[in-house]
Structures are given as structure tokens and as C-alpha cells.
Amino acid sequence: MAGSVSRYAFINAKLRARISKMLEPEFISTLIRSPSLNEAIQQLQGTPFAALVDIYTKTGDLKLAELELLKKEISLYRDIKNHVADDVQQVVTAMLLRFEVENLKNTLRLWFESALRQGPIIDTSVYLLRQNILNDIKIDSILSAKTPEDLIDSLKGTPYAPIISLQIPWMLENKSVFRMEIALDHYFYDELWNAIEKLPPRDLDIAHRIFSVEIDVQNINRLIRFKNSYDFSFEELSRYLITKGSKIKGPLLSKAFSQKDAGEMLSILLEGSLSGLKTMLGQMSDNQAGQLTLIEKVLSEYLMQQVRQILAGYPFTIGIVMAYFILKRNEIQTLITILNAKYYGLSEERIRSRL
Amino acid sequence: MSHPKEKFKKRVGLSLIITVLVLLFIGVINGPALLAQTHETTEKAALGTNEAEVAKFALMAAAAAFGLGAIGAGLAIGNVGAAAMGAIGEKPEIAGQALIFIALAEGLVVFGFITALMILGNIPQ
């Protein structure tokens, strides 16, 4: 126990202090009530997001402000990495991989649009992150690749070259980067799971708990979206789910898959795991967009419930680091949602329903 | 540029070596005088065997009470201090509250010190 206290005393106190400084619900309400995007952005003056005010004032470009938020989030991970033990550093590094994978997925989508569909990408490519996160990924070389072979060449020296290379035939045949994205996601979760396995027992238990929930959230999301939107067969859909760490498998998965209604699927998958689920599902609307928003809300609440449990438990574990990352991601996501909603002039009520 | 952890380790190692050297230096300066005094005292003293035994164990107990108290306080302050620094770094306004917790840990060595004094006060003369 003494070991875990000295391992986490500093970082636990530091992160709890940071959590206490996160944007308060009252501040979020003020942001939502702001009459315009410009005024909402000005409210951020004096908060940890003040850099956004500068960028938006100079450029008037919300997407660039979002890119700044992403850079800020990455720098938080790097900062925390310096304050934790070696094995926890490996987990944080694996978590950083998420940003690299997401950025690569965005780049590949643009490459596909430009190289294979001959579409214009200049306007959107400026919003890609061009700093190296873990591997030396040359975004501009990828975007300028004329053929799939050039694409693989531009990824040489990174762990992504073999993954992408394996998916090229399917991509050419089906004219989609869908499987490429799934393969990258699988790579990320495998790496993360391998890093977690090196943790001491108490940390391992907490990390398993939280990542299992996160993986389940991903899987539930995929299960509902892929079944309803793409009409995949059970076998095909099972291939796209993340297997490591997931509790959604076997009879539970097939029972959920056999349901027609998204609400029914959710209640089967989360039965007994999320308090207040029935009340939330009672608000399910008939239109698909409304259903997806509610599903996202339910899944986010499921993850937040785990975070709250971890924060209320024994403090000297990796849980505090993971809880902080999840809360910070949630905070940034909330901010992005509000600012975009203000940009599109959505009403207060609609913004609140999306948070 | 070397890693901050390595730098920290080097600095701790260096302070340890300097401390040992200073202690050795003090020992060399004061050692002969103390030794002469001990010889003198042994010649003069005519304590009974029982009293000498009690005194021996009492001195050991006093040393243990103070020493272990100090080690305990050191360990506690190490952890509490690290946590306090982490929190103060993010929220300087809680420095006052954080110092209270450091003082609580510091209290351990005071208990040890008082216990040692009480033991020393009861040694038969």
C-alpha cells in the first residue's frame, strides 16, 4: 500500500485539483445561453480555454479553434506522462495512440477522397493535425500519394504500413476505407490492452474495469449503428467488434442482435449495469437522429457512472489518471458541441438535448 | 540533456555522500574527546549491574522512540508533501490547507521526541 501511496500521491492530488477546476455546469449553462458564437467564445476568456479566444478572434475559423483543443488535449497527456511511473507511462502512451489513429483515419478518408474519387480536399486538409504524436507520420506525403502503393510508401517505418497494406484489396474492391478504419481501431485497442497487462494487480483491475466499459460503449455503438444503418449480418458485424476486454459476446451479443428496436438492444446490453436506464430509454423518440443522440447520451452516462465510482474509491491507483482523461475529453467534447451548435444557430433546448 | 529523473537521482546521491562526509568529519573532530570522557566515566562509575542494564535498555528505547518517530514522520511528510505540492501547483489558494496536513504528519516526530524525553527522565541515576 505504501508503494501505491508514493506512486500516486503527487499525481492524484494534482489531477483532483485540476478536476475541481473544470468548467462548472453553471458556466456551461451560460455558454448555452450566449446569444451568438462570438459571445460564447468570449466567455472562455479567463478559463483554461482562453487560447481559443485568440485563435477565433484572429481567424474567425471554428475548426481551427477545435484543432487547438485537440493539441491541448494531447499536451495534457504528455504532461501527465512525465509525472507517473514507467508502467503507467506505457498506458498513457498507448492512450495517446488514440489521437494518432484518429488523425490517421481522418487523413486516410481525405486521401481516399482525393486519390480515388478525385474530389477536392484542400479546404479540409488544413484541419488535420500535423505534429508527430508517437510515430513519424507525414500527413502531406499521405495526402499527395497518387496510388495505394505510394500510400504504403508514405507510411513506411510506422506500425501502420502493414495494417493498411492488408486492407488495400478490400478498399479497392468496395470503394471504402471502412475496414481500414476498423483495423486501425483494433490495433489501438490491442496496444492499449497490452500496455494495461503490465500494470500491478490493483491498477490492472481498475484499468480493466474502465477500459472494458469504454470498449463496450464502442461495441454497443457499432452494434446499433451497423445493424440499423448498414444491415450487416451477425457474422460480419461480429468481425467489426472489439473483442479484447469486451463483455458483449456470446449469447448476450446474439440476443441483442436479434432485437429490432435500438432501445430494446440497449436495455438488453446494459441491463443491471446502468441505473436510471429505463427512465432514459423512456425518452426515446421515433426519428432515427433523435434515437442516436439518446443512445450516445445513455452510453456516455454509462461511462461517467464508472468514472464517478472510481473517483469515489481508493485514490492511489491508475483510476484517477484515467478518470481525469475521460472527464477532460468529455469537457472538451461538450465545449465543441456547444460552439458548433452556436455556429449553426441551434436553440438552447436542442443544445441541451445533445449534451 | 539528461532525463529529469536521472538528474534528481544524481542530486540525491550527491547530497547523501556530502551528508556522510560531514558526519565523518564531525566524528573525527569530536571522537577522541568523547572517547577520553568515556574512559574517565567508566573508571569513576560504580553503578550496580541491574541499574546499568535498565539504563542500557532505556537509552535504546528512547533512541528507538525518537528514531522511528522521525522515520515515520519522514515517510509521511514525503507522501503528504508530494500530494500538497501537486495540489498547490494547480491551485495555489489551497496552500494553507495543504500545510496543515504536512504539520499533522510532522506531529509524529514530536510524539516520538516526547516519548524519548519521558523515558530518559525515568532512567535510574
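The values are calculated or read from the model by the stated rules, or taken from the named source; none is laboratory data. Being a predicted model, the structure only gives us computed values, none of them experimental. Note: ideal-geometry Cβ built from the backbone for every residue, glycine included; neighbour counts use all protein chains shown. The accessibility values were calculated without ligands, DNA or RNA, using every heavy atom of the protein model including side chains. Shrake-Rupley method; radii C 1.70, N 1.55, O 1.52, S 1.80 Å.
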Self-check item: the protein assembly as shown, accessible area per residue, ligands and nucleic acids excluded (1.4 Å, Å²)
Solution: 54 Å²
Quiz item: Who wins for biggest fluctuation among A:Glu149, A:Glu331, A:Glu100 in a Gaussian network model of chain A, springs between alpha carbons below 10 Å?
Solution: A:Glu149
Quiz item: What do you reckon, how do B:Ile29, A:Ile142, A:Ile19 stack up by accessible area (1.4 Å probe), largest on top?
Solution: B:Ile29, A:Ile19, A:Ile142
Quiz item: Efficiency by 1/(1 + (r/R0)^6): what FRET value for A:Glu173 and A:Ala50, r their Cβ-Cβ distance, R0 = 60 Å, to the nearest 0.05?
Solution: 0.75
Exercise. Pop the C-beta distance of A:Glu264 and A:Ser238 into the FRET formula with R0 = 25 Å and round what comes out to the nearest 0.05.
Key: 0.85
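At a threshold of 8 angstrom on Cα-Cα distance, excluding pairs fewer than six apart, so keeping six or more, what relative contact order does chain A reach in percent?
Averaging sequence separation for qualifying contacts and normalising by length gives 21 percent for chain A.
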Exercise. Identify the residues of region A:95-127 with backbone N under 19 Å of a label point that sits 7 angstrom from the Cα of A:Ala161 along the Cα-to-Cβ direction, or state none.
Key: A:101, A:104-105, A:108
Quiz item: Taking the Cα centre of region A:198-260 as the origin, how large is its charge dipole in debye, to the nearest 20, when only Lys and Arg (+1) and Asp and Glu (-1) carry charge on their Cβ atoms?
Solution: 80 debye
Quiz item: So, in nm, how far is label A:Arg202 from label B:Val20 when the simple model puts each one 7 Å beyond its Cα toward the Cβ?
Solution: 3.3 nm
Quiz item: Rounded to the nearest 100 Å², what is the sum over both chains of accessible area buried where A meets B, with a probe of 1.4 Å?
Solution: 900 Å²
Exercise. For an R0 of 22 angstrom, estimate the FRET efficiency from the Cβ-Cβ distance between A:Gln89 and B:Glu6 and round to the nearest 0.05.
Key: 0.90
Quiz item: Once label points are set 7 Å from the Cα along Cα→Cβ at both A:Glu348 and A:Lys71, what is their separation, rounded to one decimal in nm?
Solution: 3.5 nm
Quiz item: Where in region A:1-22 does accessible area fall by at least 10 Å² between the isolated chain and the complete protein assembly, at a 1.4 Å probe radius?
Solution: A:Val5, A:Ser6, A:Ala9, A:Phe10, A:Ala13, A:Lys14, A:Ala17, A:Arg18, A:Ser20, A:Lys21
Quiz item: Ranked from the most accessible area to the least, with a 1.4 Å probe and all protein chains present, what is the order of A:Asp216, A:Asp231, A:Asp150?
Solution: A:Asp231, A:Asp150, A:Asp216
Quiz item: Quick one: how many Å² of A:Ser246 are accessible to a 1.4 Å probe, rounded to 10?
Solution: 10 Å²
Quiz item: Largest first, what is the accessible-area ranking of A:Thr158, A:Thr93, A:Thr279 with a 1.4 Å probe?
Solution: A:Thr279, A:Thr93, A:Thr158
Exercise. Provide the packing ranking of B:88-95, B:64-71, i.e. peptides ordered by the mean count of other C-beta atoms within 10 Å per residue, highest first.
Key: B:64-71, B:88-95
Exercise. Whole Å is fine, so just give me how far the alpha carbon centre of region A:133-174 lies from that of region A:71-106.
Key: 22 Å
Self-check item: Extreme residue, positive dipole direction of chain A, given options A:Leu335, A:Pro201, A:Ala9 (C-beta unit charges)
Solution: A:Ala9
Exercise. Just report the Cα centroid separation between region A:1-64 and region A:109-125, whole Å.
Key: 33 Å
Quiz item: If you find the alpha carbon centre of region B:41-115 and of region A:324-352, how far apart are they in angstrom?
Solution: 52 Å
Exercise. Step through the table entries A:Lys156/A:Lys198; A:Lys81/B:Lys7; A:Lys244/A:Lys328; A:Lys198/A:Lys244, compare each Cα-Cα distance with 19 Å, and write down the pairs that go over it.
Key: A:Lys156/A:Lys198; A:Lys244/A:Lys328
Practice problem: Let me know the charge dipole size of the protein assembly as shown about its Cα centre in debye, to the nearest 20, where only the beta-carbon of Lys, Arg (+1) and Asp, Glu (-1) is charged. | Solution: 140 debye
Quiz item: Tell me, what % of the accessible area of the protein assembly as shown is carbon and sulfur with a 1.4 angstrom probe?
Solution: 60 percent
